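The values are calculated or read from the model by the stated rules, or taken from the named source; none is laboratory data. Everything numeric here is computed off the predicted structure, so don't read it as measured data. Don't worry about glycine lacking a Cβ; one is built from the backbone with ideal geometry, like all the others, and counts go over all protein chains shown. For the accessible areas, the whole protein counts, side chains as well, though only heavy atoms, and no ligand, DNA or RNA atoms are used. Shrake-Rupley method; radii C 1.70, N 1.55, O 1.52, S 1.80 Å.
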Amino acid sequence: MLVASGSVAHSADDPTAVKSEDGKYLDKEGNPTFKVAADGTVDWYTYSGYRRYHSECHVCHGPDGMGSTYAPALQDSLKTMSYPDFMGVVASGRKNVNTAQESVMPAFGDNPNVACYMDDLYVYLRARAYDAVGRVRPAKREDKPDAYAQAEKTCMGK
């Protein structure tokens, strides 16, 4: 079990990792979160989330999660959006209509290249929201956990 170090004020959306289960870091609420070591090494989920984001999401949401004319800044959204809400929007999509514009987030629940990696995306975007990682590919990462590799194979039907 990993215990957070330092004196940090914990709030309902505090991203501080307080424990690890099979290589996945969790905050005090049990939500997936990021872990960045002092030397810049990121956890596997953050690294994989970066890769998945740039594979599927950056076209609309911008190369660094800061949004575009097509879609909102996810870096901002993950400061207030809960883990269940994030999962629901990614899986089912969302449609926002107002007098100025209409925006539609397509559903990705049937796309295994997104659905199998929703935790990764959440963790990476949460790390971006709290400026724990920059806008470039993380230079150092933890190894892929065995439990992650098995879950990935199962989800992808291998």
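Please go through segment 50-61 and pick out each residue that is open to solvent by less than 50 Å² (accessible area, probe 1.4 Å) and charged (D, E, K, R).
Selection gives 52 alone.
Yes or no, residue by residue, for (1) aliphatic (A, V, I, L, M); (2) farther than 20 Å from residue 146 by Cα:
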site: 13; (1), (2): no, yes
site: 20; (1), (2): no, no
site: 27; (1), (2): no, yes
site: 45; (1), (2): no, no
site: 83; (1), (2): no, yes
site: 91; (1), (2): yes, yes
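Please determine whether any residue of segment 78-99 is in contact with a Phe, Trp or Tyr (Cβ under 8 Å, 6 or more places away or on another chain), modelled with pLDDT under 90 and buried (at least 16 other Cβ atoms within 10 Å of the Cβ).
Taking every residue of segment 78-99 in turn, at least one turns out to be in contact with a Phe, Trp or Tyr (Cβ under 8 Å, 6 or more places away or on another chain), modelled with pLDDT under 90 and buried (at least 16 other Cβ atoms within 10 Å of the Cβ).
Look at residue 131 and say whether it is surrounded by fewer than 19 Cβ atoms within 10 Å (Cβ to Cβ), outside any helix (DSSP H, G or I) and more than 14 Å from the chain's Cα centre (by Cα).
no
Within segment 62-77, restricting attention to residues that are open to solvent by 20 Å² or more (accessible area, probe 1.4 Å) and assigned to a helix (DSSP H, G or I), which residue is modelled with the lowest pLDDT?
That would be 76.
Please pick out the residue among 148, 130 that is of a type in the set (Phe, Trp, Tyr) and out of contact with any Gly (no Cβ under 9 Å at 6 or more places or on another chain).
Selected residue: 130, the only one of 148, 130 that is of a type in the set (Phe, Trp, Tyr) and out of contact with any Gly (no Cβ under 9 Å at 6 or more places or on another chain).
Pairs under 9 Å by beta carbon, first residue without any contact (Cβ under 8 Å) to a residue 12 or more places away in the chain and on the phi > 0 side of the Ramachandran plot in segment 115-135, partner among the polar types (S, T, N, Q) and surrounded by fewer than 24 Cβ atoms within 10 Å (Cβ to Cβ), six or more apart or different chains?
131/75
When only residues in segment 136-150 that are touching a residue at least 24 places away in the same chain (Cβ under 8 Å) and among the small types (Gly, Ala, Ser) count, which is farthest from residue 34 (Cα to Cα)?
Only one residue fits best here, namely 147.
Which is in a loop (DSSP other than H, G, I, E, B) and open to solvent by 50 Å² or more (accessible area, probe 1.4 Å), of 17, 38?
That would be 38, the only listed residue that is in a loop (DSSP other than H, G, I, E, B) and open to solvent by 50 Å² or more (accessible area, probe 1.4 Å).
Out of curiosity, is residue 143 farther than 25 Å from residue 13 by Cβ, of a type outside the set (Ser, Thr, Tyr) and open to solvent by 60 Å² or more (accessible area, probe 1.4 Å)?
For residue 143, the condition - farther than 25 Å from residue 13 by Cβ, of a type outside the set (Ser, Thr, Tyr) and open to solvent by 60 Å² or more (accessible area, probe 1.4 Å) - is met.
Among the residues of segment 38-92, write down those that are touching a residue at least 60 places away in the same chain (Cβ under 8 Å) and among the aromatic types (Phe, Trp, Tyr).
44, 45, 47, 50, 53
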